[in-house]
2 protein chains.
Amino acid sequence: MSKPETPIQKKNRSAIMNAGLEVFSKFGFRGSTLDQIALESGLSKPNILYYFKSKEVIYTTLLGELLTDWLKPVRDIDPDGDPIAEILGYAAHKMEMSQNYPRQSRLYANEIIQGAPRISNVLTSELHEVVDKFAQLIKSWSKKGLIRDVDPHHLIFSIWAMTQHYADFDFQVRAVLGHDDPFPKGEKHVEDMLRQMLTV
Amino acid sequence: MSKPETPIQKKNRSAIMNAGLEVFSKFGFRGSTLDQIALESGLSKPNILYYFKSKEVIYTTLLGELLTDWLKPVRDIDPDGDPIAEILGYAAHKMEMSQNYPRQSRLYANEIIQGAPRISNVLTSELHEVVDKFAQLIKSWSKKGLIRDVDPHHLIFSIWAMTQHYADFDFQVRAVLGHDDPFPKGEKHVEDMLRQMLTV
DNA sequence: GCGTGATTTTACCAGTTGGTCAAAACATGG
DNA sequence: CCATGTTTTGACCAACTGGTAAAATCACGC
């Protein structure tokens, strides 16, 4: 039985989550400090520790929320839908997440690059499982001749790579393009690429 | 006139570079400490600072070397070669770099994710320029009908994204696949994908 | 095997780090 | 407006941070 949140708790907890996301996504766990999060959230350091008992709890709470949002759209793929539309729809959705929630993408990227020390169990269990199911579905689609014969796992990696690239490497993308908004063209390109890859 | 290096200098400098690469690629600049680099290199902290005058110099030296290796294969693309072979060759080369030098890839990824504070000038000048030239070449190839009509910049981003994914997200890739070596199949998949995308 | 410069170590420092604690300030229902 | 629980603060700590200075040790040509 957890007590109901007071309005103050709700406001401050979310301010801390937001500040934590801002800081951790930029510097990773080790590179971030409670002082930065304190500054960013407008709360004092001891006050932050009143709401979350350690730096690590803030971090893992953020990662937990993130993984839920991450996995959901994979689970939502409709096995009875049109294969190409389903896969393209998933890619488009990931692309929107990169555009609208780049900090989450960077937080996750940081964690994985650093060897995923705090979520490797989720990767080998939940993620593995959910991806395998998706991969089997793709396999069955190509067996039925509905899409080209592709390696399902590596197709999924390609989708992740291309879509997350726009969030994680945003700085490089914009530097190379000269500060246009890369997303409209990027989305079209990824769609084109996947369609070419999948169309029989 | 810089003095010639003694064997000891050569050995220790390279030990520090190697240790720095190991540590910085895992934790980024802010998250890494001289103590970690000292431990990893087997030298004492003051001894490290005898060879490099600060933590930042180690880091920027590594980044500098990296960018040179990074840019070279783009410059080496032959405008008179077979377009598809040239692009696929470049992608294959990047893939090998991901396989053989994953730490460099992660170091670079960390730097970009963190907003590229120490190399943004290189990105907007040298990288921008070199990529624009490559993009123009791609454009001319598709104008001549030698490859499909694609957005050159975003094609390049896709190549970078897919190839570097295998280094930067190695942990996730292996977790999902269950510890097979992902590279042989990954390389084939990327090649297939690009060929589909480019063949008229 | 000695002298000189190259290398390494020891001891240290000031600033920052994550975190604690008790006291103070606040909110709010009665 | 008071009592009680909630929230916030200020003072503090031990460990760690990047970096310094000088002394000690080492390597090597003579």
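The values are calculated or read from the model by the stated rules, or taken from the named source; none is laboratory data. Values in this document were obtained by computation on a predicted structure and should not be read as measured data. Glycine gets a Cβ as well: all are built from the backbone with ideal geometry, and neighbour counts include every protein chain shown. What goes into the accessible areas is simple: the full protein's heavy atoms, side chains included, and nothing from ligands, DNA or RNA. Shrake-Rupley method; radii C 1.70, N 1.55, O 1.52, S 1.80 Å.
Data overview
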item: Condition met for B:Leu34 (more than 12 Å from DNA strand D (Cβ to nearest atom) and either buried (at least 17 other Cβ atoms within 10 Å of the Cβ) or within 14 Å of another protein chain (Cβ to nearest Cβ) (or both)); result: no
item: Scan of the range A:74-92 for residues that are within 27 Å of A:Gly20 (Cβ to Cβ) and either within 11 Å of the chain's Cα centre (by Cα) or among the hydrophobic types (A, V, I, L, M, F, W, C) (or both), ordered by number; result: A:Val74
item: Output for the range B:31-64, where each listed residue is within 30 Å of B:Lys133 (Cβ to Cβ) and touching a residue at least 12 places away in the same chain (Cβ under 8 Å); result: B:Tyr59, B:Thr60, B:Thr61, B:Leu62, B:Leu63
item: Matching residues in the range B:6-23 - criterion: being within 14 Å of B:Thr61 (Cα to Cα) and more than 18 Å from the chain's Cα centre (by Cα); result: B:Arg13, B:Ser14, B:Ala15, B:Ile16
item: Failed criterion for B:Ser105 (all others in (1) without any contact (Cβ under 8 Å) to a residue 24 or more places away in the chain; (2) part of a helix (DSSP H, G or I) hold); result: (1)
item: All positions within the range B:136-148 that are charged (D, E, K, R) and assigned to a helix (DSSP H, G or I); result: B:Lys139, B:Lys143
item: Those residues of the range B:50-97 which are of a type in the set (D, E, K, R), away from DNA strand D (no atom under 16 Å from the Cβ) and either part of a helix (DSSP H, G or I) or farther than 27 Å from B:Arg118 by Cβ (or both), in sequence order; result: B:Glu65, B:Asp69, B:Lys72, B:Arg75, B:Asp78, B:Asp80, B:Asp82, B:Glu86, B:Lys94, B:Glu96
item: A:Glu22 vs. criteria within 14 Å of another protein chain (Cβ to nearest Cβ) and either touching a helix residue (DSSP H, G or I) at 6+ places or on another chain (Cβ under 7 Å) or closer than 15 Å to A:Arg106 by Cα (or both); result: yes
item: Yes/no for B:Lys133 being farther than 25 Å from B:Gly31 by Cβ, open to solvent by 10 Å² or more (accessible area, probe 1.4 Å), at pLDDT 95 or above and within 9 Å of chain A (Cβ to nearest Cβ); result: no
item: Residue within the range A:67-74 that is assigned by TED's automatic domain parsing to the domain that holds A:Asp132, open to solvent by 40 Å² or more (accessible area, probe 1.4 Å) and of a type outside the set (Val, Ile, Thr) present; result: yes
item: Complete set of residues in the range B:149-181 that are assigned to a loop (DSSP other than H, G, I, E, B), closer than 28 Å to A:Phe171 by Cα and either modelled with pLDDT under 95 or open to solvent by 10 Å² or more (accessible area, probe 1.4 Å) (or both); result: B:Asp149, B:Asp151, B:Phe169
item: Scan of the range B:50-66 for residues that are open to solvent by 70 Å² or more (accessible area, probe 1.4 Å) and either away from DNA strand C (no atom under 14 Å from the Cβ) or of a type outside the set (Ser, Thr, Tyr) (or both), ordered by number; result: B:Lys53, B:Glu56, B:Glu65
item: Tally of residues being within 16 Å of B:Arg148 (Cβ to Cβ), among the β-branched types (Val, Ile, Thr) and open to solvent by 10 Å² or more (accessible area, probe 1.4 Å) across the range A:182-200; result: 1
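This table checks each residue for (1) facing chain A (nearest Cβ under 9 Å); (2) under 19 Å from the mean Cα position of the chain (by Cα); (3) more than 25 Å from A:Phe183 (Cα to Cα).
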residue: B:Tyr101; (1), (2), (3): no, yes, yes
residue: B:Pro117; (1), (2), (3): no, yes, no
residue: B:Leu137; (1), (2), (3): no, no, no
residue: B:Lys144; (1), (2), (3): no, no, yes
residue: B:Val150; (1), (2), (3): yes, no, no
residue: B:Ile156; (1), (2), (3): yes, yes, no
